[in-house]
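Q: Supplied in structure tokens, the structure appears directly below.
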């Protein structure tokens, strides 16, 4: 994977412009988790293609900062004669700059790619931060892919459950309450929700890359490439002021005099702040109110989620029945099924669903030790065979017209050893402890994350990722703001929130286990909530030490499997139905 | 409880000084939980004697802000013709001032009694905050009690485990690391720990009210009333620069030029900030490093805790054996034992211990519905009889020469009804879930608080207080910074921390239940910790629905009771021994 380095060209441009260095983040102007090739300046500059990172190019050194997940990958992808690899969190870049660069060094950064909180911490480095809009990379990246121009489609009110006008009015009222005149929305999933549209700029992330300004009377200016709008209703287009995305920053500055803008400190490009301040406006730093409105799903959206999960569950069952049959047969025949073959087959089953659009993220189809890498994606060179004496982990989901799905199952088609059984049982017990919890309305994710970890903690084990994330409605697979993790998440959970519950355990070089259901928060007793599973897929019990399950856990599993069986039986193939019946049999039967 | 109001006199002084109003907090310069009568200006001004509150006296109105605990009490104690009662948290005073006072009103406050974070929020009110050092109350409070002058005693190194010199050197090094020149310590328990002294200004809180400055070379200036020092070693006194507390602020200002002070934003009076800034110094806002050093107990301190808990446990057993025998007998004789009689008897048992000094807080001795008030203290007019068909809750502890104890037991001397049994069982199960937890070293209190709540949550119930607090070593009963509660507590728990675990349940007008052990955090498997009980007192199982306990819970109880029995048997009275044997019998026996 040798990479042709643009460092020499970059350095010569920096010198020309009297800059001592430049920062290259792995982010677009929307802080997207998955960004378009057009926006991946970090990969262009360094060769590193992970989903988080930051490079600092100096005249005589180049540094790449990546987090714990990417320490190995970065060293494989990057020319280590050119780049030093540093740790993004253990050695924050502003502290590295403070401690290693003489103060006053002129370091360029692109203000559309940095958010305010990053900018503020960089300012403490003592360097002279130079905002550059004509980023040197734009000049030397001759092979740069085109900016995406994915068509935008309308989201009918039968699926969204609330009109654009109603949503805009609610946002306007919320601005008025906060004493703000304008909200600058730079998160495309918030724009998608607000305008009842979905985009196609980036695979699996159906958001329209664009910006918006909402006034406190609910009026909207949408800064979006007109080429993307051909499929939209004229009624919608007539109700909104359409402008080119290139004019967004100028427009903020033009509107700013004497006005107050509400900006999201963790998401809005600092360029918006500069524009508002230069234009004589004031800023209220606050989370974009759309983020919370969008997270509280309405009944129509919830019905869509439920329906899409029924379809997705049937596709899973068809796939798992096929896989369970084929793995031992093909293994015996010396022609085992591989990770890639399995994920292709699974996609084919999903594609049989009317409502299926595309995958909701890149499938993780991981056998044996490959599953120990949480963010593994199969490739021809790593493509393991699925063996019956090893775990196979599948984490996948779909974008449907009425909902988004995300689930993980870890399967065992033969016999795994005692240690793996203990680990699987602990992960399952953690999953059950959290998914069966009743909790006060308004509880925050970090308050209950540990229920999913306790059985592992008892063994002196843990997993190094969050326990659950929000899932968008026909939107992003990782939707803010709700999250269950060790890290504090201040957002109260209330009925209508949709999250995942996905504890796991990973033993490097050996095996990986994760069990994940998507759930909705529902009201239970007065003042209390529960989780109700959206995901309808049998949970493999063949690797469970059944005597370690208590009555409550068994009751949950039996009730869940009954629901799965009764809901999906009429929908799965006749070949898959017997497998479904067996896979959802009561635990007592399996125990006996 | 009618109160002679000083409002007229106060208002006339305000007018004389051209002030539109003044703030009167319920706090001393040390932000003490229990403050000396000398410092209780809020009680003098309003009649309200709760432990938290704030009054705002205006020319034509007077407002008292108290939290949820004190809404009833405040209305009983305060003349409602003079004072409006507001909610301290639901209606923060700075917002009330912003919304109700014309901007620019001159509002006096005493900068020794406000901390920086309060001052900063008050500044957002739009009022003109006038710092007054000659508080008008000083002028009119003619019956003011004298400032406390409690003698200070030495804490021998055999009990503290680390010399004053070593502690001062460590603090100095920590300042040097932070690039600070001085630490201003305004928390008397931090001074007590640092200098290996204990005070007697306030009952149950053995801290010396005083201030200290530590330089980054470890040198200490101690601002303390000389009258308190007569019992101290000359060696200690010779190693420290002693000055009058009245000179503390001036001294800060005098030292400030070109220096950096480390100040605790949540605890240091804003007067210190003003002094440093006026003197030309700079401030690093950071938690006082002594707070964390003090919380990580050394082996000698831990041995002291353990020994004091053995003594305290024996006193509890003697008391509980007596109480269990006497309650039914005296009830039958028509002369029942009362809350006050019980707490006096308990104190008498504690006083038999050589090492006992005083109670570590005001005992909560609460029968039946009185126990539903979490902060109840018995008084002649509320003094309930202890009935055998009701719960009796006792929350008490002792200051011993080698440790501080705090424990709660809820007892049942006859038969309580089924609802009470369910509630008691849920509280016990929550207690057991948390106390038996193994957790990664560095876990924070809010991450595991919910384990103690889950059995109540399952019933749609909860309790409205924290689950555990730090306990000082021969120091404050509520010691910062560790805490287990719903609220975020950022301080990682590591071996050597001492906390309580105390879930409860309270049904107003009916009953209150709490079970509390003091625990130390100990290392278990690599990277993991557990709690080990310091408290050694039988847990009443007579109100438990035993079939609701699982094997793990029963095993914990049996092991704990065996430890209690074996440790205390030789130490309790011969009358109490048979009771101890029975009260610590294995659950199986009790079940059979």
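The values are calculated or read from the model by the stated rules, or taken from the named source; none is laboratory data. The shown structure was predicted, so the numbers you read here are calculated from the model rather than taken from an experiment. Counting neighbours? That spans all protein chains shown, and the Cβs are built from the backbone with ideal geometry, glycine included.
Q: Taking the residues in segment B:331-346 that are surrounded by fewer than 18 Cβ atoms within 10 Å (Cβ to Cβ) and not in a loop (DSSP other than H, G, I, E, B) as candidates, determine which candidate is farthest from the chain's Cα centre (by Cα).
A: The qualifying residue farthest from the chain's Cα centre (by Cα) is B:332.
Q: Ok, one more. Go through segment A:523-536 and give me each residue that's away from chain B (no Cβ under 14 Å), under 18 Å from residue A:445 (Cβ atoms) and in contact (Cβ under 8 Å) with a residue 24 or more places away in the chain.
A: Selection gives A:533, A:534.
Q: So residue A:47 ticks every box in (1) under 27 Å from residue A:146 (Cβ atoms); (2) exposed (fewer than 15 other Cβ atoms within 10 Å of the Cβ) but one. Which box is left unticked?
A: Unmet condition: (2).
Q: Moving on to the next point. Have a look at B:490, B:503, B:481 and point out the one that is within 23 Å of residue A:488 (Cα to Cα), in contact (Cβ under 8 Å) with a residue 12 or more places away in the chain and within 13 Å of chain A (Cβ to nearest Cβ).
A: The match here is B:490.
Q: Go through (1) closer than 22 Å to residue B:303 by Cα; (2) surrounded by fewer than 16 Cβ atoms within 10 Å (Cβ to Cβ); (3) in contact (Cβ under 8 Å) with a residue 40 or more places away in the chain and name the single condition residue B:178 misses.
A: Checking residue B:178 against (1) closer than 22 Å to residue B:303 by Cα; (2) surrounded by fewer than 16 Cβ atoms within 10 Å (Cβ to Cβ); (3) in contact (Cβ under 8 Å) with a residue 40 or more places away in the chain, the one that fails is (1).
Q: Quick one: residue A:513 ticks every box in (1) at the interface with chain B (Cβ under 10 Å from one of its Cβ atoms); (2) within 22 Å of the chain's Cα centre (by Cα) except a single one, so which number is it?
A: So residue A:513 meets the others, but not (1).
Q: Restricting segment A:451-478 to residues that are part of a helix (DSSP H, G or I) and within 11 Å of chain B (Cβ to nearest Cβ), which is surrounded by the most Cβ atoms within 10 Å (Cβ to Cβ)?
A: Once the filter is applied, the top-ranked residue is A:451.
Q: From the list A:23, A:54, A:7, A:58, pick out the single residue that is under 17 Å from residue A:77 (Cβ atoms) and either surrounded by 20 or more Cβ atoms within 10 Å (Cβ to Cβ) or without any contact (Cβ under 8 Å) to a residue 60 or more places away in the chain (or both).
A: A:54 is the lone residue from the list that is under 17 Å from residue A:77 (Cβ atoms) and either surrounded by 20 or more Cβ atoms within 10 Å (Cβ to Cβ) or without any contact (Cβ under 8 Å) to a residue 60 or more places away in the chain (or both).
Q: I need a count of the residues in segment A:478-497 that are in contact with a strand residue (DSSP E or B) (Cβ under 9 Å, 6 or more places away or on another chain) and either assigned by TED's automatic domain parsing to the domain that holds residue A:198 or within 26 Å of residue A:426 (Cβ to Cβ) (or both).
A: Count: 9.
Q: Then there's this: Got a sec? Which of A:448, A:435 is more than 13 Å from chain B (Cβ to nearest Cβ), more than 29 Å from residue A:326 (Cα to Cα) and touching a helix residue (DSSP H, G or I) at 6+ places or on another chain (Cβ under 9 Å)?
A: A:435
Q: While we're here: Show me the helices (runs of 4 or more DSSP H) entirely contained within segment B:185-301 in which 2 or more residues are within 23 Å of the chain's Cα centre (by Cα).
A: B:188-195, B:289-295
Q: Just checking, which of A:525, A:562 is over 26 Å from residue A:473 (Cβ atoms), in contact with a strand residue (DSSP E or B) (Cβ under 8 Å, 6 or more places away or on another chain) and either crowded, with 21+ Cβ neighbours inside 10 Å or in the same structural domain as residue A:393 (by TED's automatic domain parsing) (or both)?
A: Checking each option against the conditions leaves just A:525.
Q: Of everything in segment B:362-385, what is farther than 18 Å from residue B:69 by Cα and in contact (Cβ under 8 Å) with a residue 60 or more places away in the chain? Give them in sequence order.
A: B:368, the sole residue that qualifies.
Q: Which residue out of A:19, A:23 is touching a strand residue (DSSP E or B) at 6+ places or on another chain (Cβ under 6 Å), assigned to a loop (DSSP other than H, G, I, E, B) and in the same structural domain as residue A:75 (by TED's automatic domain parsing)?
A: Selected residue: A:19, the only one of A:19, A:23 that is touching a strand residue (DSSP E or B) at 6+ places or on another chain (Cβ under 6 Å), assigned to a loop (DSSP other than H, G, I, E, B) and in the same structural domain as residue A:75 (by TED's automatic domain parsing).
Q: Do we have residue B:93 as farther than 28 Å from residue B:210 by Cα and surrounded by 14 or more Cβ atoms within 10 Å (Cβ to Cβ) here?
A: It is true that residue B:93 is farther than 28 Å from residue B:210 by Cα and surrounded by 14 or more Cβ atoms within 10 Å (Cβ to Cβ).
Q: For segment A:125-149, give me each residue that is touching a helix residue (DSSP H, G or I) at 6+ places or on another chain (Cβ under 8 Å) and in a strand (DSSP E or B).
A: Residues satisfying the conditions are A:129, A:131.
Q: Looking at B:574, B:542 in this structure, which one is out of contact with any helix residue (DSSP H, G or I) (no Cβ under 9 Å at 6 or more places or on another chain), assigned to a loop (DSSP other than H, G, I, E, B) and more than 14 Å from every other protein chain (Cβ to nearest Cβ)?
A: Answer to the selection: B:574.
Q: I'd like to verify a number: residues in segment A:222-242 that are surrounded by 19 or more Cβ atoms within 10 Å (Cβ to Cβ) and either without any contact (Cβ under 8 Å) to a residue 40 or more places away in the chain or not assigned by TED's automatic domain parsing to the domain that holds residue A:282 (or both), how many?
A: Residues meeting the conditions: 2.
Q: Now for a separate question. What is the number of the single condition among (1) in contact with a strand residue (DSSP E or B) (Cβ under 7 Å, 6 or more places away or on another chain); (2) assigned to a helix (DSSP H, G or I); (3) within 27 Å of residue B:303 (Cβ to Cβ) that residue B:158 does not meet?
A: All conditions pass for residue B:158, except number (1).
Q: Look at segment A:381-412 and say how many of its residues are out of contact with any strand residue (DSSP E or B) (no Cβ under 7 Å at 6 or more places or on another chain), in a loop (DSSP other than H, G, I, E, B) and closer than 18 Å to residue A:316 by Cα.
A: Number of matching residues: 2.
Q: Does residue A:549 count as within 14 Å of chain B (Cβ to nearest Cβ), buried (at least 19 other Cβ atoms within 10 Å of the Cβ) and at negative phi?
A: yes
Q: Could you give me the residue pairs with C-beta distances under 9 Å whose first residue belongs to segment B:287-312 and is within 16 Å of residue B:186 (Cβ to Cβ), whose second residue is modelled with pLDDT under 95 and in a helix (DSSP H, G or I) wherever it lies, and which are 6+ apart or on separate chains?
A: B:289/B:178
Q: Whether any residue in segment A:34-45 is touching a helix residue (DSSP H, G or I) at 6+ places or on another chain (Cβ under 6 Å), more than 26 Å from residue A:206 (Cβ to Cβ) and either touching a residue at least 12 places away in the same chain (Cβ under 8 Å) or not assigned by TED's automatic domain parsing to the domain that holds residue A:360 (or both) is what I want to check.
A: no
Q: Given the structure, is residue B:82 in contact (Cβ under 8 Å) with a residue 60 or more places away in the chain and assigned to a loop (DSSP other than H, G, I, E, B)?
A: For residue B:82, the condition - in contact (Cβ under 8 Å) with a residue 60 or more places away in the chain and assigned to a loop (DSSP other than H, G, I, E, B) - is met.
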